[in-house]
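Below is one structure, written out as structure tokens, with a few remarks after it.
The values are calculated or read from the model by the stated rules, or taken from the named source; none is laboratory data. For clarity, every value in this text was computed on a predicted model and none was experimentally measured. Cβ atoms come from the backbone with ideal geometry, glycine included; neighbour counts cover every protein chain shown. The protein model used for the area step is the full one, side chains on, heavy atoms only, and it has no ligands, DNA or RNA in it. Shrake-Rupley method; radii C 1.70, N 1.55, O 1.52, S 1.80 Å.
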Amino acid sequence: MRHRPRGEHIIRFDSVGLRYGLGPEVLQDVTFALPSGSFHFLTGASGAGKSSLLRLMYLGLRPSRGRVTLFDKDIAMTRRYELPALRRRIGVVFQDFQLLDHLSTLDNVALPLRVRGVKESEVQKHVPELLGWVGLADHLHAKPPTLSGGQKQRVAIARAVIGRPDLLLADEPTGNVDDHIAMRLLHLFEELNKLGTTVVIATHNQSLVDRFSQYSRLHIERGTVVEPE
Amino acid sequence: MLSRRSDLPLKGDATSRFLPWLVALMVYLSAIAVAGVLVLAGLVERWDHDVSGTLTVQIQPVPGEAGELLTEDRVRQAAELMRRTPGILAARPLDKRQTLALLEPWLGSAEVVKDLPLPRLIDVSVDSSAQLDLGAVADRLGRMVPGATIDDHRVWLSRLINLSRTTEWVAIAIMLLIGFVTSATVVYATRTGMSVHRGVIEVLHLIGAHDDYIARQFADRAFSLGFSGGMIGLAMAVPTLTAIGWATRRVEGGFLPSLALPLSGWVVIGLLPVLAALLSMYTARLTVHGTLSRLP
Ligand SMILES: Nc1ncnc2c1ncn2[C@@H]1O[C@H](COP(=O)(O)OP(=O)(O)O)[C@@H](O)[C@H]1O
Ligand SMILES: [Mg+2]
């Protein structure tokens, strides 16, 4: 295998396989590397394994075999107490948002800062600023159950980007919003990407991918990642 | 500590309702156990202090008309012999009236008692620093004065001390058991809480929270539940102990030494809620760390 210089790739999979419990391999022989600062769509039919692949990337799962290298660290060789530092460099928009229903919009978005021990004065300055930027200035103290689908999505995205992540992973972020909002979200991700964040968006919305055809694609088919030309 | 921020909605959990009552009961029982041990230890120590410098010589009365005089004679002889023994400071024969006064709590003061063949007593003070061979003294006394025996208080005192030690061990075992039950309940409550809030914990974990960030929230909650429960237990224990103290003081009648709980005992009992809270806190913290270590 060719060894690339440090820092060139933000994440890299070598012959990764994944099975849930004793089930069959959902992913097998997955090998790819994402250059720092790149923008990708992750496509594949429903049930192909997009969410599973993202879970491996944000360290929500350990691979059954193979090697995952994140920020130049071999995850299998990394000590448990060092993992939070890696996770903090990743922003995730979960498929079903995973907002905490008992916390206000502001507190939800503040979470990544608070787990890092950022000063409360900083939190109170930056979080409302970002929420204003995504159009939720009037909903700082609303709880997620009172928000519309599109608003929840923007809260989830704000939470994913508040910590200025090096890697942004979004699982079907345009899943249940209309096309117009989906376009706006993608433009937001593009802005982040221009600031240096590597972006991976999982989607099975082919028309959306076609409209942003300038970006590279990772496609999952029969349990493995293929890069279509 | 109670006002620290928490991302987990632990306030409404079912454990908030039962844990404080369990801790209250445990602190209540501990307080009673601690008080019992301390009172008994104090009692033994006081008796030890009162008794260690003394022993009693008993002379069996000689029956019959002339007996009275002969008995008097033997009492004098025995007292004389004791006074000449090195290590003995004083020997004071009690006359019949004094003996009767001593026995009054048990026998009453009826006229018939005066005619009973009561043994005569000699109160002996011992120099506690002298190495007195009591066995040898008793032998000599028995040979020289018929019917004389030495009643060493230390024999029954040592039994009393043994009893007190045993009680201490029983109380320590009870306390350990109470601590164990409390911990086990906190472990169970914490695990339940963690599974109720599994989703929240997973989000915190995935956005880069250290295990201790999550553990601390459960630990803070356990501390405040343990402390409030402990205060309830203490609030129940204080009136109970006061009532017991009051009741014993009424029956004492000068025959039992005072059964009051020393100040140090109240301090220990006052610390029990804090101990319960700390125990709950560390147990919760360890439980969360143990469970989280299984996450990827
Ligand atoms: N937690 C899980 N336990 C067992 N099987 C799972 C789990 N999550 C996903 N799978 C299985 O893995 C496969 C891929 O699922 P997923 O990654 O969710 O696909 P996608 O996101 O592309 O729809 C599916 O067959 C699904 O049933
Ligand atoms: Mg999915």
query: If you check A:Arg79, A:Arg116, which single one turns out to be surrounded by 14 or more Cβ atoms within 10 Å (Cβ to Cβ) and more than 16 Å from ligand 1 (Cβ to nearest atom)?
result: A:Arg116
- prompt: Would you pick out the residues in region A:86-110 that are aliphatic (A, V, I, L, M), surrounded by 24 or more Cβ atoms within 10 Å (Cβ to Cβ) and within 17 Å of the chain's Cα centre (by Cα)?
  reply: A:Ile90, A:Val92, A:Val93, A:Val109
message: Going residue by residue through region B:234-245, is there one that turns out to be under 30 Å from A:Val92 (Cα atoms) and open to solvent by less than 40 Å² (accessible area, probe 1.4 Å)?
response: no
- request: Would you confirm whether any residue within region A:34-46 is within 16 Å of ligand 2 (Cβ to nearest atom), more than 15 Å from the chain's Cα centre (by Cα), within 21 Å of A:His204 (Cα to Cα) and buried (at least 16 other Cβ atoms within 10 Å of the Cβ)?
  value: yes
- line: Within region A:50-68, restricting to residues that are more than 9 Å from ligand 1 (Cβ to nearest atom) and surrounded by 18 or more Cβ atoms within 10 Å (Cβ to Cβ), the one that is farthest from B:Leu206 (Cα to Cα) is A:Gly66
message: Condition first: more than 16 Å from ligand 2 (Cβ to nearest atom), farther than 24 Å from A:Ile162 by Cβ and away from every other protein chain (no Cβ under 14 Å). Can you find one or more residues in region A:47-57 that meet it?
response: no
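In a helix (DSSP H, G or I) and either at pLDDT 85 or above or under 30 Å from B:Asp151 (Cα atoms) (or both): which single residue out of B:Ala78, B:Ala91 fits that description?
None of the others qualify; the one that does is B:Ala78.
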query: Across region A:61-80, what is the number of residues that are touching a strand residue (DSSP E or B) at 6+ places or on another chain (Cβ under 9 Å), in a loop (DSSP other than H, G, I, E, B) and without any contact (Cβ under 8 Å) to a residue 24 or more places away in the chain?
result: 2
statement: Of those in region A:161-193 that are away from chain B (no Cβ under 14 Å) and β-branched (Val, Ile, Thr), the residue farthest from ligand 1 (Cβ to nearest atom) is A:Ile181
Hits in region A:81-139 (condition: facing chain B (nearest Cβ under 10 Å) and in contact with a strand residue (DSSP E or B) (Cβ under 8 Å, 6 or more places away or on another chain)): A:Leu86, A:Arg89, A:Ile90, A:Gly91, A:Val92, A:Phe94, A:Pro112
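Return the total of residues in region A:172-221 being assigned to a loop (DSSP other than H, G, I, E, B), polar (S, T, N, Q) and surrounded by 13 or more Cβ atoms within 10 Å (Cβ to Cβ).
Counting residues in region A:172-221 that are assigned to a loop (DSSP other than H, G, I, E, B), polar (S, T, N, Q) and surrounded by 13 or more Cβ atoms within 10 Å (Cβ to Cβ) gives 5.
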task: Return yes or no: is A:Leu147 free of Cβ contacts under 8 Å to residues at least 40 places away in the same chain, open to solvent by less than 60 Å² (accessible area, probe 1.4 Å) and away from every other protein chain (no Cβ under 14 Å)?
output: no
task: Kindly indicate whether any position in region A:15-28 is in contact with a helix residue (DSSP H, G or I) (Cβ under 7 Å, 6 or more places away or on another chain), part of a loop (DSSP other than H, G, I, E, B) and within 9 Å of ligand 1 (Cβ to nearest atom).
output: no
- prompt: A:Gly47 versus (1) of a type in the set (Gly, Ala, Ser); (2) more than 9 Å from ligand 1 (Cβ to nearest atom); (3) on the phi > 0 side of the Ramachandran plot; (4) at pLDDT below 95: which is the lone unmet condition?
  reply: (2)
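Yes/no per residue for (1) farther than 30 Å from B:Asp212 by Cβ; (2) open to solvent by less than 90 Å² (accessible area, probe 1.4 Å); (3) outside the structural domain of B:Glu45 (by TED's automatic domain parsing):
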residue	(1), (2), (3)
B:Glu104	yes, no, yes
B:Leu118	yes, yes, yes
B:Asp123	yes, yes, yes
B:Val181	no, yes, no
B:Thr185	no, yes, no
